[in-house]
Amino acid sequence: MLEIQNQVQLQAFNSLKLSAIASHYCKIYSHSDLIAALAFADQSQLNCVILSGGSNVLLPEQLNALVLHMQIQGISVVEETAESVIIDVAAGENWHQFVMYSTDKQWYGLQNLALIPGLVGASPVQNIGAYGVEVGEFIASVYVYDRFTQTFVHLMANECDFSYRNSIFKQNPTRYVIVSVRFKLYKTPSLKLAYGDLKTAVGEEKTAENLQQQVINIRRSKLPDPAQYPNAGSFFKNPIITSTQYQQLIVQFPNMPNYLQANGYVKVAAGWLIEQAGWKGRKHGVVGMFERQALVLVNYDQAGLHDVQQTYTLVQQAVQQQFAIWLEPEPVRFLDNGTIASYIDNS
Ligand code: EPU
């Protein structure tokens, strides 16, 4: 039976630890809870906010909406051959634990994505990626409730429009609620070692288990533990610029890290831009950019959304001034009524 609570504090449910009171809140343990919650929101004329692990959201101090906190659990094998396996993983399963479980089972593919905070249901939304792998490469399909057609459907991977930190789910936030994700994993590992210093870290022991461990070590050495330093991972996307702009910048900044994209555009490292702009390890009030990875914004002491906005705007302005690049934040920012804010307004 669905229980709707009022005036619930969400501070413990978002990794930036922003204080945010939800006017209406419920935990979703099953498909029928989901249907009941959506019906309640319709009757009460409330917008819905789907809350997963809370590791990529910016919440307002007062959220006048129905928060659906996804808790659906379960992992099952759907199909298995000599080479591969398809596993259905419910939205409320913890991402890192699932990655560790898959490695223990000798199902390979996700090892580069170890230790990413959050839950499985959010992984397709921004197509989480790290160390040369994006999750979309290993997704067979995503099981969703389509609020437009009011049906549960499997969207095949090619229907999900996966690209860098983007998908159909990010583009249509009010349409789809992800209830489970089907991954296709392989019984023979094919190690992806191209990213940065990963190959050196893995060394001679070229196993998927060691790769996973090295990814964990690298993340621990660079990224702040949200339990100690509340944060939302990379705070900005790595910007993708035109080759013309890249040609101009590289003359001035020959050391600028850059990654050529398939379409001739060039991705540049936001962390490097921020460091060059003097913001690595710098704070404005209680919010600052982390000393070991300038791309991570940290709430050092009970910051609210307003403090976070002040700091990230200063960072955007500093980078804009030096490089003529406007950084786009990565977390999803909610307005007081539960709709999603556009960052374009800030530029
Ligand atoms: N760099 C600096 N100074 C910094 C940070 C980075 O000069 O303070 C330079 C590094 O030396 C390197 C380049 O920037 O040459 C890239 O840095 P890094 O390898 O640390 O990765 P990133 O581009 O900053 C991205 C993802 C991370 C992911 C890592 C590893 C985005 C927005 N972020 O970060 O994802 O873990 O690559 O693949 O694409 C996340 O999305 O929350 C996240 C942590």
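Would you confirm whether any residue within the range 135-145 is under 25 Å from residue 65 (Cβ atoms), modelled with pLDDT of 95 or more, β-branched (Val, Ile, Thr) and away from the ligand (no atom under 16 Å from the Cβ)?
Taking the range 135-145 and keeping what is under 25 Å from residue 65 (Cβ atoms), we get 142-145.
Checking the rest, the ones that are also modelled with pLDDT of 95 or more come to 142-145.
In the following step, the residues that additionally are β-branched (Val, Ile, Thr) were identified as 142, 144.
Of the ones still in play, those that are also away from the ligand (no atom under 16 Å from the Cβ) are 142, 144.
Looking for residues that are under 25 Å from residue 65 (Cβ atoms), modelled with pLDDT of 95 or more, β-branched (Val, Ile, Thr) and away from the ligand (no atom under 16 Å from the Cβ), one finds at least one in the range 135-145, hence yes.
For the range 290-326, the set of residues classified as within 29 Å of residue 218 (Cα to Cα) and touching a Ser or Thr at 6+ places or on another chain (Cβ under 7 Å) consists of 295, 296, 297, 326, listed by residue number. Criterion applied to 133, 120, 67 was being β-branched (Val, Ile, Thr), closer than 30 Å to residue 336 by Cα and touching a helix residue (DSSP H, G or I) at 6+ places or on another chain (Cβ under 8 Å), and the one residue passing it is 120. Which of the residues belonging to the range 92-129 are part of a helix (DSSP H, G or I), touching a Ser or Thr at 6+ places or on another chain (Cβ under 7 Å) and away from the ligand (no atom under 14 Å from the Cβ)? 121, the sole residue that qualifies.
Tallying residues that are free of Cβ contacts under 8 Å to residues at least 12 places away in the same chain and under 18 Å from the mean Cα position of the chain (by Cα) within the range 307-333 yields 0.
Annotation: residue 270 fulfils all but one of (1) without any contact (Cβ under 8 Å) to a residue 60 or more places away in the chain; (2) out of contact with any Leu (no Cβ under 8 Å at 6 or more places or on another chain); (3) under 16 Å from residue 165 (Cβ atoms); the unmet one is (2). Of all residues assigned to the range 30-40, none qualifies as being touching a residue at least 60 places away in the same chain (Cβ under 8 Å) and touching a Leu at 6+ places or on another chain (Cβ under 6 Å). A count restricted to the range 251-301 and to residues that are more than 11 Å from the ligand (Cβ to nearest atom), at pLDDT 95 or above and on the phi > 0 side of the Ramachandran plot stands at 2. Can you find a residue that is in contact with a Phe, Trp or Tyr (Cβ under 6 Å, 6 or more places away or on another chain), within 12 Å of the ligand (Cβ to nearest atom), of a type in the set (A, V, I, L, M, F, W, C) and closer than 18 Å to residue 54 by Cα anywhere in the range 325-336? No, there is no match, as no residue in the range 325-336 is in contact with a Phe, Trp or Tyr (Cβ under 6 Å, 6 or more places away or on another chain), within 12 Å of the ligand (Cβ to nearest atom), of a type in the set (A, V, I, L, M, F, W, C) and closer than 18 Å to residue 54 by Cα.
Could you tell me whether any residue of the range 223-231 is more than 22 Å from residue 112 (Cβ to Cβ) and surrounded by 12 or more Cβ atoms within 10 Å (Cβ to Cβ)?
From the range 223-231, those more than 22 Å from residue 112 (Cβ to Cβ) are 227-230; that's our starting set.
Those left that are additionally surrounded by 12 or more Cβ atoms within 10 Å (Cβ to Cβ): 229-230.
Yes.
Consider the range 33-55 and keep the residues that are polar (S, T, N, Q) and under 17 Å from residue 121 (Cα atoms). The one that is surrounded by the most Cβ atoms within 10 Å (Cβ to Cβ) is 52.
So which helices (runs of 4 or more DSSP H) stay within the range 166-222 end to end and still have 1 or more residues that are in contact (Cβ under 8 Å) with a residue 24 or more places away in the chain and in contact with a Pro (Cβ under 8 Å, 6 or more places away or on another chain)? Outline the logic, then answer.
Working: elements: 168-171, 198-202, 208-222.
Where helices (runs of 4 or more DSSP H) fall fully within the range 166-222 and carry at least 1 residues being in contact (Cβ under 8 Å) with a residue 24 or more places away in the chain and in contact with a Pro (Cβ under 8 Å, 6 or more places away or on another chain), they are 168-171, 208-222.
Can you tell which of 153, 77, 85 is buried (at least 17 other Cβ atoms within 10 Å of the Cβ) and among the β-branched types (Val, Ile, Thr)? Even if it seems obvious, please write down each step before you answer.
Values: 153 fails: buried (at least 17 other Cβ atoms within 10 Å of the Cβ); 77 fails: buried (at least 17 other Cβ atoms within 10 Å of the Cβ).
Checking each option against the conditions leaves just 85.
Scanning the range 300-324 for residues that are within 17 Å of residue 278 (Cβ to Cβ), of a type in the set (A, V, I, L, M) and surrounded by 17 or more Cβ atoms within 10 Å (Cβ to Cβ) gives 315, 318, 319.
The values are calculated or read from the model by the stated rules, or taken from the named source; none is laboratory data. This one's a predicted model, so the numbers in the text were calculated from it and none came from an experiment. Positions of Cβ are backbone-derived with ideal geometry, glycine not excepted, and every protein chain shown enters the neighbour counts.
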